Amino acid sequence: MTKFLLVLHVLVAIIAIGPVTVAASMFPPGARRALADPGDPRATETVRLLHRICRVYAAIGIAVPVLGFATALSMGVLGDAWLVASMVLTGIAAAILLALVLPRQEEILEAVESAGTVEAVEAAGSPSLPTSPPPSASPSVSVPVGADPRATVRLAMFTGIFNLLWATVTILMIVRPGSTTGA
């Protein structure tokens, strides 16, 4: 049973966490391209797809710590330092993904989609949209969070931290420092 749980744990980790790390890393540069060219539907679709991959595979990724816990329980290593450290780092990585990465992706995606909608309407020549800012607007009005190019830089930083945490967990799972069950 232990080997079966371990195989499932590793497979789910590869299948679920791998796509999240790749898609989350690709999101900030894709968002910068989409924000730079709001009329490019392909850039918008790319950002939308990357966000969807992150959301869906993050939900599937919940199985990774569940299977990991079951595997550790069957191996009798729940109290080992390497495993405790891995569980703590996994919790921090999950918190970063859920609290910092996914919400910022949503904000940026909304900004990309709204910028594309405005440009499409302007290209169609719709007279219903004002061509100049309303009188109440001033030059000091802040840019929406998602449309601010610095938001993609901050998102890239959080994504990098998320990825480093998962790399560290992976190393701990392979090396298992101090383990008496063999490496």
>> Among the residues of the range 10-51, what is the count of those that are more than 30 Å from residue 74 (Cβ to Cβ) and in a helix (DSSP H, G or I)?
In response: 26
> For the range 52-87, how many residues meet the condition of being open to solvent by less than 50 Å² (accessible area, probe 1.4 Å), closer than 17 Å to residue 14 by Cα and part of a helix (DSSP H, G or I)?
Replying inline: 9
>> If residue 7 meets every condition in (1) in a helix (DSSP H, G or I); (2) crowded, with 16+ Cβ neighbours inside 10 Å apart from one, which number is that one?
In response: (2)
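Looking at 121, 101, which one is modelled with pLDDT under 55 and surrounded by 12 or more Cβ atoms within 10 Å (Cβ to Cβ)?
Residue meeting the stated conditions: 121.
The values are calculated or read from the model by the stated rules, or taken from the named source; none is laboratory data. Since the structure is predicted, the reported quantities are computational estimates derived from the model, not experimental observations. A quick note on method: Cβ atoms are made from the backbone with ideal geometry, for glycine too, and the neighbour counts reach across all protein chains shown. Accessible surface is based on the protein model in full, side chains and every heavy atom, while ligands, DNA and RNA are left aside. Shrake-Rupley method; radii C 1.70, N 1.55, O 1.52, S 1.80 Å.
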